[in-house]
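I have placed the structure first, in the form of structure tokens, so that the comments after it can refer back to it.
The values are calculated or read from the model by the stated rules, or taken from the named source; none is laboratory data. Given the structure is predicted, the values throughout are model-derived calculations rather than measurements. Note: ideal-geometry Cβ built from the backbone for every residue, glycine included; neighbour counts use all protein chains shown. Areas reflect the complete protein model, heavy atoms only, side chains present, ligands, DNA and RNA absent. Shrake-Rupley method; radii C 1.70, N 1.55, O 1.52, S 1.80 Å.
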Amino acid sequence: MASSSSAIFLLLITIPFANAVLDVHYYDQTCPQAEDIIYQTVRNASNYDPKVPARLLRMFFHDCFIRGCDASILLDSTEENKAEKDGPPNVSVRSFYVIDEAKAKLEMACPRTVSCADIIAIAARDVVTMSGGPFWEVIKGRKDGRISRANETINLPAPSSNATKLIQDFAKRGLGVKDLVALSGGHTLGFSHCSSFESRLHNFSAARDIDPSMNIEFAERLKKKCPKPNKDKNAGQFLDFTASTFDNDYYKRLVSGQGVFASDQALYVDYRTKWIVESFARDMSLFFKEFATSMVKLGNVGVLEEGEVRLKCRVVN
């Protein structure tokens, strides 16, 4: 296992996917300062608000998983259309202002050049790296979509999903079992409100109160944070013990029965995913390598050949 959490994985590739070609060097001539501008913006925001890294990483996943990586999650709702960001699973997605700020700076430096979809992809990489996780080269050239529908967010994986459902959901997007387990490791950054997991703590079934896959002491601690009825709507739990650091603690928690979501713990219960969880729990450098590889694959889901570069990320041109 690597002793340092700042391992670097360079993925210098050009990948054709979904009728579009992305390239690491896409902005080398047209906006060479693009990644520096995005990094500085994300770093400043993260220093001001420690919740930013987890929020931007989640934003990238939620964007790519619906219509592909087209920044559709950034579009505001209109009188005629309720957009993705207002769908139930996305109501808790925050920090859109960080993307807005980066876009405004990029429009001053390189007008009509850098897509909002690429900003999200680069920002997601940056928050992982600055939190102690791996670095990878982001391949670029995505276009921004013009369609965003709240009702499509039902297709996001639910925190109550079992492994079979998760495997199916990822397969529909060209992502395999190892990608599922690796990308779930993004939960090493983040926090969940009680509403996403309290069903595992109270009246789980007719036979038992607590989900039997949970460590009983951990479940009792969560019960104290999430009593029933729960008057504190902000109460919840960090998804691993080192929630501000990108590491493999998430997998160690699954091995000990301390996954917060049912969908997390399911990865250790199912034979198809258990061995991968165990390998990542043992070897952080392996997890970093596979996470970087899977993030590149996720960033190629549904990439648009025909699209636009929005001038403002919240509205179509």
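Determine whether segment 26-44 contains at least one residue that is farther than 27 Å from SER184 by Cβ and among the acidic types (Asp, Glu).
Yes, because at least one residue in segment 26-44 is farther than 27 Å from SER184 by Cβ and among the acidic types (Asp, Glu).
Tell me the residue from THR78, THR30 that is open to solvent by 60 Å² or more (accessible area, probe 1.4 Å), of a type in the set (Ser, Thr, Tyr) and free of Cβ contacts under 8 Å to residues at least 24 places away in the same chain, please.
Exactly one residue qualifies, and that residue is THR78.
ALA121 - would you say it is small (Gly, Ala, Ser), at pLDDT 95 or above, more than 24 Å from ILE276 (Cα to Cα) and not in a loop (DSSP other than H, G, I, E, B)?
Considered against the rule, which asks whether it is small (Gly, Ala, Ser), at pLDDT 95 or above, more than 24 Å from ILE276 (Cα to Cα) and not in a loop (DSSP other than H, G, I, E, B), ALA121 comes out as yes.
On the basis of being among the β-branched types (Val, Ile, Thr), modelled with pLDDT of 95 or more and open to solvent by 30 Å² or more (accessible area, probe 1.4 Å), does ILE13 make the cut?
no
Looking at (1) of a type outside the set (D, E, K, R); (2) at pLDDT 95 or above; (3) surrounded by fewer than 24 Cβ atoms within 10 Å (Cβ to Cβ), which is the only condition ILE38 fails?
(3)
Going by what's in this entry, would SER205 be described as in a loop (DSSP other than H, G, I, E, B), open to solvent by 20 Å² or more (accessible area, probe 1.4 Å), polar (S, T, N, Q) and touching a residue at least 12 places away in the same chain (Cβ under 8 Å)?
Values: in a loop (DSSP other than H, G, I, E, B): yes; open to solvent by 20 Å² or more (accessible area, probe 1.4 Å): yes; polar (S, T, N, Q): yes; touching a residue at least 12 places away in the same chain (Cβ under 8 Å): no.
Taking the combined requirement at face value, the residue does not satisfy it.
Among the residues of segment 150-158, is there at least one that is part of a loop (DSSP other than H, G, I, E, B), within 17 Å of the chain's Cα centre (by Cα) and closer than 27 Å to ARG221 by Cβ?
Within segment 150-158, one or more residues are part of a loop (DSSP other than H, G, I, E, B), within 17 Å of the chain's Cα centre (by Cα) and closer than 27 Å to ARG221 by Cβ.
Please pick out the residue among LYS165, LYS178 that is free of Cβ contacts under 8 Å to residues at least 40 places away in the same chain and surrounded by fewer than 19 Cβ atoms within 10 Å (Cβ to Cβ).
Going through LYS165, LYS178 in turn, just one is free of Cβ contacts under 8 Å to residues at least 40 places away in the same chain and surrounded by fewer than 19 Cβ atoms within 10 Å (Cβ to Cβ): LYS165.
Only helices (runs of 4 or more DSSP H) wholly contained in segment 214-317 count here; list those with 2 or more residues that are modelled with pLDDT under 90 and open to solvent by 80 Å² or more (accessible area, probe 1.4 Å). Spell out the reasoning first.
Values: elements: 216-225, 249-255, 262-269, 271-282, 284-298.
So the answer is 216-225.
Is one or more of the residues making up segment 145-153 buried (at least 21 other Cβ atoms within 10 Å of the Cβ) and either within 28 Å of CYS194 (Cβ to Cβ) or without any contact (Cβ under 8 Å) to a residue 12 or more places away in the chain (or both)?
The answer is yes, given that some residue of segment 145-153 is buried (at least 21 other Cβ atoms within 10 Å of the Cβ) and either within 28 Å of CYS194 (Cβ to Cβ) or without any contact (Cβ under 8 Å) to a residue 12 or more places away in the chain (or both).
Looking at segment 119-134, which of its residues are hydrophobic (A, V, I, L, M, F, W, C) and open to solvent by less than 20 Å² (accessible area, probe 1.4 Å)?
Matches in segment 119-134: ILE119, ILE120, ALA121, ILE122, ALA123, ALA124, VAL127, VAL128.
Take the conditions of a type in the set (D, E, K, R) and farther than 30 Å from ALA235 by Cβ and apply them to GLU79. Does it pass? Steps first, please.
On the way: of a type in the set (D, E, K, R): yes; farther than 30 Å from ALA235 by Cβ: yes.
It is true that GLU79 is of a type in the set (D, E, K, R) and farther than 30 Å from ALA235 by Cβ.
Do we have GLU137 as more than 30 Å from GLU107 (Cβ to Cβ), open to solvent by 10 Å² or more (accessible area, probe 1.4 Å) and acidic (Asp, Glu) here?
In short, no.
From the set of residues in segment 192-202 that are crowded, with 17+ Cβ neighbours inside 10 Å and of a type outside the set (Gly, Ala, Ser), which is farthest from the chain's Cα centre (by Cα)?
Ranking the qualifying residues of segment 192-202, first place goes to LEU201.
Please work out which one of (1) without any contact (Cβ under 8 Å) to a residue 24 or more places away in the chain; (2) touching a Lys or Arg at 6+ places or on another chain (Cβ under 9 Å); (3) farther than 22 Å from SER285 by Cβ is the condition GLU220 fails and give its number.
Evaluating GLU220 over (1) without any contact (Cβ under 8 Å) to a residue 24 or more places away in the chain; (2) touching a Lys or Arg at 6+ places or on another chain (Cβ under 9 Å); (3) farther than 22 Å from SER285 by Cβ leaves (2) as the failure.
Considering only segment 90-118, how many residues are in a helix (DSSP H, G or I) and open to solvent by 10 Å² or more (accessible area, probe 1.4 Å)?
The total comes to 9.
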